[in-house]
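Working notes, structure below.
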């Protein structure tokens, strides 16, 4: 009996010591992070170091609506939530109940620059920080477009070895991969998605030296042919942006997006580690929900800010959010944006979104001048695209 008890104690102490050792290694080891932190979480911005992105006055605010109009919109939204449909398995009698029950933390609807709905749930409020996950990829796309507008990057058809020549030394086949291939998730780089500490998903999220991880990517097939969602692509874009602009990616974003757009508050971009100091690129932009909406509004207005100043070229906005079914690897994904073609087949009447893990969206309906932002702890058993479409139709 005593031998069993002693054995249990020894096992417990060994496991506790191992866990404690892994915990102490989390600033330096992706493997330790995966074991201790486990699945990605909306509070991950509290775990990673980060680089601040300051905002600048004047702060632009969406127009507010009067109480009567707000109540009318809420009644409309309540009808959407209470009607049986394929958009949710949740039984709700009100729109607020639907959102609260679906693990939503923030939900905003902006139409014609008017904030017609804004609410926060499950412990969140207006000044709460929301971390981005893959919504960050749409920001990266905008930064690449701005760098091209400024002549810092010559062309999306440039081979990536023009900016990362060490890849050419590693394997001459890298010279066939273009910036466009990275943006459109068609690089041909191998990417294994598994829920293990050694998978590409885990490495590209948790490793403490993401530059080295990006440069370790292996070519699997000819680029430009096959769509394969792949975090290596956007890590490599981060290296290209660093070298082309001569500054950290977060500082470039502060200068070219956060300040010019008059964001409501400073934000941050999570880093792989203090030692490496490289933005996570595929995720990790930490900001208020209202400022994600302001980024959505930039694309709604074809790249111009509140004063009509062109922040990113109209051509880049249109190209990066419209797929060509005859030439592009995917008609559902272009340069960092998910695309929803018009059912009528009208290329000028389509929706697109920034989209991330756990049900994060910046959903844009250009023809209705509509931006919808949703953040949450998870997807919450809601078909969000169907719900967004119902909102777009109801508010048309």
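Is it the case that residue 304 is without any contact (Cβ under 8 Å) to a residue 12 or more places away in the chain, farther than 26 Å from residue 61 by Cα and in the same structural domain as residue 134 (by TED's automatic domain parsing)? Lay out the reasoning, then the answer.
Numbers: without any contact (Cβ under 8 Å) to a residue 12 or more places away in the chain: yes; farther than 26 Å from residue 61 by Cα: no; in the same structural domain as residue 134 (by TED's automatic domain parsing): yes.
So residue 304 does not fit the description; no.
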(request) Just give me the residues in segment 369-396 being part of a loop (DSSP other than H, G, I, E, B) and surrounded by 17 or more Cβ atoms within 10 Å (Cβ to Cβ), in sequence order. (result) 377, 380, 395
(request) Check residue 312 against each of (1) part of a helix (DSSP H, G or I); (2) buried (at least 20 other Cβ atoms within 10 Å of the Cβ) and name the one condition it does not meet. (result) (1)
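Residue-wise test of (1) in a loop (DSSP other than H, G, I, E, B); (2) buried (at least 19 other Cβ atoms within 10 Å of the Cβ); (3) at pLDDT 90 or above; (4) touching a helix residue (DSSP H, G or I) at 6+ places or on another chain (Cβ under 8 Å).
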{"residue": "308", "(1), (2), (3), (4)": "yes, no, no, no"}
{"residue": "345", "(1), (2), (3), (4)": "yes, no, no, no"}
{"residue": "352", "(1), (2), (3), (4)": "no, yes, yes, yes"}
{"residue": "367", "(1), (2), (3), (4)": "no, no, yes, no"}
(request) Being in the same structural domain as residue 288 (by TED's automatic domain parsing), in contact with a strand residue (DSSP E or B) (Cβ under 7 Å, 6 or more places away or on another chain) and assigned to a loop (DSSP other than H, G, I, E, B) narrows it down to one of 164, 156, so name that one. (result) 156
(request) May I ask you to verify whether residue 103 is outside the structural domain of residue 387 (by TED's automatic domain parsing), surrounded by fewer than 20 Cβ atoms within 10 Å (Cβ to Cβ) and within 24 Å of the chain's Cα centre (by Cα)? (result) yes
(request) Quickly run through segment 296-306 and pick out the residues that are buried (at least 21 other Cβ atoms within 10 Å of the Cβ) and in a loop (DSSP other than H, G, I, E, B). (result) 303
(message) If residue 326 meets every condition in (1) outside any strand (DSSP E or B); (2) on the phi < 0 side of the Ramachandran plot; (3) in contact (Cβ under 8 Å) with a residue 24 or more places away in the chain apart from one, which number is that one?
(response) (3)
(request) Enumerate the pairs (first residue in segment 271-300 and not assigned by TED's automatic domain parsing to the domain that holds residue 143; second residue anywhere and modelled with pLDDT of 95 or more and surrounded by 24 or more Cβ atoms within 10 Å (Cβ to Cβ)) with beta-carbon separation below 6 Å, excluding pairs fewer than 6 apart on the same chain, so at least 6 apart or on different chains. (result) none
(message) Please count how many residues of segment 312-338 are under 19 Å from residue 136 (Cα atoms) and out of contact with any helix residue (DSSP H, G or I) (no Cβ under 6 Å at 6 or more places or on another chain).
(response) 7
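The values are calculated or read from the model by the stated rules, or taken from the named source; none is laboratory data. None of these values were measured; they are calculated from a predicted model. Backbone-built Cβ (ideal geometry, glycine too); neighbour counts: all protein chains shown.
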